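*Asks:* Please see the structure below; I have some questions.
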Amino acid sequence: MYVVAMTMKSRGFMLKDTNCIFNTRRLHYINKILSFIFMIICSILNVICGYISIFNLMFSILIIHSELNKNVCKALIAAEYVDVEVKMAENFQMGKSNKTPEFLKLNPLGKVPALETPEGPIFESNAIARYVARLKPENTLFGSSPIEYGQIEQWIDFSALELDANMRAWVFPRLGYATYIKSAEESYISGVKRGLGALNTHLASRTFLVGDSVTLADIIMTCNLVNGFKFLFTKSFTSEFPHVERYFWTMVNQPNFSKIIKRMGEVKQAEVVLPFTSTKKPESKPKSEPKKEEAPKPKPEPEAAPEEEEAPKPKAKNPLDLLPPSPMVLDDWKRLYSNTKTNFREVAIKGFWDMYDPEGYSLWFCNYKYNDENTVSFVTMNKVGGFLQRMDLARKYAFGKMLIIGNEPPFKVKGLWLFRGTEIPKFVMDECYDMELYEWTKVDLSDEAQKERVNQMIEDFEPFEGEALLDAKCFK
Ligand SMILES: N[C@@H](CCC(=O)N[C@@H](CS)C(=O)NCC(=O)O)C(=O)O
Ligand SMILES: *[C@@H]1O[C@H](CO)[C@@H](O)[C@H](O)[C@H]1NC(C)=O
């Protein structure tokens, strides 16, 4: 209101400057009257606005807490169809608002969206959309017979579990949220294709997923496909699924859909698959790991995981600095390891044993205690990456190799560590909590088989104990 009054006022002054038929005095008078009238109008409008916001408070009973995204659109589109008002929480800030105690009361996970209703909160975007769709009895978003109810639920689950889950896993490394693994991406893409193939066949003779009109299944499916079309599915990709393509554009352009979806920006089909936006570029050669150049197949770079914990700083005086001097210089070994590009066995491994000092150093095998839990490849890799990051405190006193083993889950995590001193340094045990997630066994150097295992771990030998390597990370 205030702004309007100001603008009108300055129009008054403009009159004065440009319209010469008025003399200044009369003009001053007119200006005063005009200002007065505007003040009155504004006061009246302010009162009305006050009423409107009370009115809003009384009736806007559904509030979605989130920024707008495709998951929020599910409920907003359903709300269009059932003609219910769902409001977006004001000034919602992702990463901030969803961490407040008030938000955690709506969704204990702190994930968005969460819906606030007078009867209590709801989270999970599909559940929120179902709730909104059910607010109006007698609507066809749920179909009109038990078989239709069942089929609608079927396509809702399908879109979440067969399509969305694989699409997220495909796009996350590209957004820098997860480590890129080529073989993993291939399996996500083939999961998406398998889902789209089935959807394509279903839609060959249909306009809607179930029945002859839009149902909640179409709303949720379309919302889940939006980011796919925007970021992943190029024209050549969707050309295999012409019915999905036709269906998607038909749905997106339904007025009750487009009204909401266009608030996220125009839906334009991807020209290229979303490029990697983070610093985690899998194509770039690992900077300090030239040995990998001759590796039989490219492996993701052994970089640290996205965890952002700060590594504790080494203590001013480390007891290991007080050990008797050793002829083995750890940095020399690290350099040899990094610089050996060919004949790794003859040069690096032989060099290692030539310089190895069993009095000043010890070698340890480690074996992850909970390998059964390593069911998702990138999560496993992140876990190991986080471990190496936290080992930063031991950079001067350790060298390590961590192997992630297996072609399919559960993956095994095994490693080899070289530590200064004849025991695992106490400060490492104390300060790096990952240590206790592993079983540690000292390498017995009198056992040739154990020595050979050391060699294989240093050189990423494949197959390792009969299995392929998913990844090998080096701490140096
Ligand atoms: N299955 C959930 C997914 C929710 C979800 O993953 N939300 C993301 C944003 S799209 C989130 O809140 N992430 C923040 C976090 O994980 O802390 C739904 O459909 O609502
Ligand atoms: C859009 O929603 C309104 C209710 O808000 C409904 O009456 C109308 O039928 C919907 N449009 C279509 C094309 O279904």
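*Asks:* Can you give the net charge of the other residues whose Cβ lies under 12 Å from the Cβ of P255, counting K and R as +1 and D and E as -1?
*Replies:* Residues near P255 contribute +1 overall.
*Asks:* Using a cut-off of 12 Å between beta-carbons, work out the net charge of the residues near F411 (Lys and Arg +1, Asp and Glu -1, F411 not included). Mind dumping the intermediate values first?
*Replies:* Working: positive: K383, K412, K414; negative: D372, E373, E408, E467, D471.
After counting each charged neighbour, the total is -2.
*Asks:* I would also like to ask the following. Estimate the FRET efficiency between H202 and M355 by the formula 1/(1 + (r/R0)^6), using the beta-carbon distance for r and 45 Å for R0, to the nearest 0.05.
*Replies:* Numbers: r = 65 Å, r/R0 = 1.44.
The calculated FRET efficiency here is 0.10.
*Asks:* Further question: Of the peptides 93-102, 163-172, 339-348, how do they stack up when ordered by the mean number of other Cβ atoms within 10 Å, highest first? Working shown, then result.
*Replies:* Values: 93-102: 11.8, 163-172: 20.0, 339-348: 14.3.
So the order, starting with the most tightly packed, is 163-172, 339-348, 93-102.
*Asks:* Ok, one more. Which peptide among 359-372, 430-443, 409-422 comes first, and what is the full order, when sorted by highest mean count of other Cβ atoms within 10 Å? List each step's numbers first, then the result.
*Replies:* Values: 359-372: 16.8, 430-443: 14.6, 409-422: 20.1.
The peptides rank, most packed first, as 409-422, 359-372, 430-443.
*Asks:* Also, quick follow-up: Would you work out the charge dipole size for the range 63-134 about its Cα centre, treating the Cβ of every Lys and Arg as +1 and the Cβ of every Asp and Glu as -1, and quote it to the nearest 20 debye? Please report the intermediate quantities before stating the final value.
*Replies:* Numbers: 9 positive and 9 negative charges, 65 e Å.
The calculation lands at about 320 debye.
*Asks:* Could you give me the ³J(HN,Hα) list for the range 80-85, computed from phi with Karplus coefficients 6.51, -1.76, 1.60 and θ = phi - 60°, whole Hz, x at Gly and Pro?
*Replies:* 4, 5, 9, 6, 10, 8
*Asks:* Can you list the residues of the range 330-356 with backbone N under 17 Å from a point 7 Å past the Cα of Q450, pointing along Cα to Cβ?
*Replies:* Counting backbone N atoms under 17 Å from the label point, the list is 353, 356.
*Asks:* Taking the alpha-carbon centroid of each part, what is the distance from the range 356-425 to the range 118-175 in angstrom?
*Replies:* So the two Cα centres are separated by 42 Å.
*Asks:* Continuing with this model, one more query. How big is the charge dipole of the range 118-224 about its Cα centre, in debye rounded to the nearest 20, if each Lys and Arg gets +1 on its Cβ and each Asp and Glu gets -1 on its Cβ?
*Replies:* Working: 9 positive and 12 negative charges, 67 e Å.
Dipole magnitude for the range 118-224 comes out near 320 debye.
*Asks:* What FRET efficiency, computed as 1/(1 + (r/R0)^6) with R0 = 41 Å and r the Cβ-Cβ distance, is obtained for M88 and N367, rounded to the nearest 0.05? If you can, show how the numbers build up before the last one.
*Replies:* Details: r = 50 Å, r/R0 = 1.22.
Calculated value: 0.25.
*Asks:* Let me ask you something else. Among M251, G197, M264, pick out the residue whose Cα is farthest towards the positive end of the charge dipole of the range 141-280, where Lys and Arg carry +1 and Asp and Glu carry -1 on C-beta, about the Cα centre.
*Replies:* The one lying farthest along the dipole's positive direction is M264.
*Asks:* At a Förster distance of 25 Å, what's the computed FRET efficiency of K396 paired with T422, Cβ-Cβ distance as r, to 0.05?
*Replies:* 0.90
*Asks:* If each of N139 and N407 carries a label point 7 Å out from its Cα toward its Cβ, how far apart are those two points in nm?
*Replies:* Simple spin-label model gives 5.0 nm for this pair.
*Asks:* Rank by packing, highest mean first: peptides 144-151, 249-256, with packing defined as the count of other Cβ atoms within 10 Å averaged across residues. Each step should come with its number before you reach the end.
*Replies:* Values: 144-151: 12.4, 249-256: 15.1.
Result, highest mean Cβ count within 10 Å first: 249-256, 144-151.
*Asks:* Name the shape class, rounded, prolate or oblate, that the alpha-carbon gyration tensor gives for the range 51-171, where a ≥ b ≥ c are the square roots of its eigenvalues, rounded holds for a/c under 1.5, and otherwise prolate holds if a/b is larger than b/c and oblate otherwise. Write out the running numbers ahead of the final one.
*Replies:* Numbers: a/c = 2.22, a/b = 1.18, b/c = 1.89.
Judged from the Cα gyration tensor, the range 51-171 comes out oblate (a/c at least 1.5, b/c at or above a/b).
Computed from the coordinates by the stated procedures, all read-outs in this text should not be read as laboratory data. Quick caveat: nothing in here was measured; it's all calculated off a predicted structure. Every residue, glycine as well, gets a Cβ built from its backbone with ideal geometry; the counts of neighbours run over all protein chains shown.
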